[in-house]
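J.: Structure incoming, see below.
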Amino acid sequence: MSQETAPAIEQALGVLRQFRGARRFAAREVEHCELCSAALPSEHPHLVELASRQLVCACVPCALLFDGMERSKYKRVSRRVLSLTDFAMTDAQWESLIIPINLAFFFNSSLEGRTIAFYPSPAGAVESLLTLEAWNAIVADNPVLGRMQPDIESLLVNRIGTHRFGGSGNSGQSEYFIAPMDECYKLVGLIRANWKNLAGGTEVWDRINDFFAELRAKSEPASGGPDA
């Protein structure tokens, strides 16, 4: 083999290695149904495993098997997003929930027979010790909460306001949504992935702002107060 041929072959092998590596990376990026292993598009249904509260990626045929089922290991996550335009909650009621930040989500667990509260943190979702009296008072003022679907829908609360993010969306007003559980965990995931240092950094607040802008855009207005 000549001295000129060897570098050419080595260069060709390098290109092949890069191509093979790119294919392997692409293969890892493709999600699969966790029930039947079918490849999934980026937008796909989710199920909630009730005992673990974990989300499960699913294809449409598998998700349909659990659509509306009550007695099952899994439930299909709801897709509706409601913006509660006249939700009633005072600052004193919020403080009585003893949640350390102004972002949280609340859902009804059918297995445990109670409402569970989580708030996002740089370490992931943290369960809050929700007081029954405080929560019942909020439900009494907002009958729409009695129509949330257990396990698959939550009350998602944003009391930070877009002025904290430097955005223009809701001008600092608190926001309340009935949201699918996968949207809540999406918020948790983006905070965990983008939080920097003690204050979070500009990037994470921009991402939170974008998240609520997208949620707002796909929501439908619904009355949440006493006249619901």
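J.: Apply 1/(1 + (r/R0)^6) to the Cβ-Cβ distance of ALA92 and ALA199, taking R0 = 30 Å, and write down the FRET efficiency to the nearest 0.05.
T.: After rounding to 0.05, the efficiency reads 0.65.
J.: Turning to a different aspect of this structure: Cross-link candidates for LYS218: which aspartates and glutamates have Cα within less than 16 Å, leaving aside residues fewer than 8 places away along the same chain?
T.: The qualifying aspartates and glutamates are GLU43, GLU153, GLU175, ASP182, GLU183, ASP210.
J.: Work through the residues other than PRO122 whose Cβ is under 14 Å from its Cβ and net out their charges, Lys, Arg +1 and Asp, Glu -1.
T.: Working: positive: ARG192, LYS196, ARG207; negative: GLU203.
Here the charged neighbours net out to +2.
J.: How long, wide and thick is segment 115-160, going by the Cα atoms along their three principal axes, in whole angstroms, largest first?
T.: Between the extreme Cα coordinates on each principal axis of segment 115-160 lie 33, 22, 21 Å.
J.: Compute the distribution of all C-alpha to C-alpha distances in segment 78-222, in bins of 10 Å from 0, and list the percent of pairs in each, rounded to whole numbers.
T.: Pair shares across the bins are 11, 44, 37, 8, 0.
J.: Compute the length gained on full extension between GLU70 and LEU132: take 0.36 nm times their separation in residues and subtract their Cα-Cα distance, giving the result in nm to one decimal.
T.: 19.8 nm
Every number in this text was worked out from the coordinates using simple rules, so none of it is lab data. For clarity, every value in this text was computed on a predicted model and none was experimentally measured. Cβ sites come from the backbone with ideal geometry, for glycine too, and all protein chains shown count toward neighbours.
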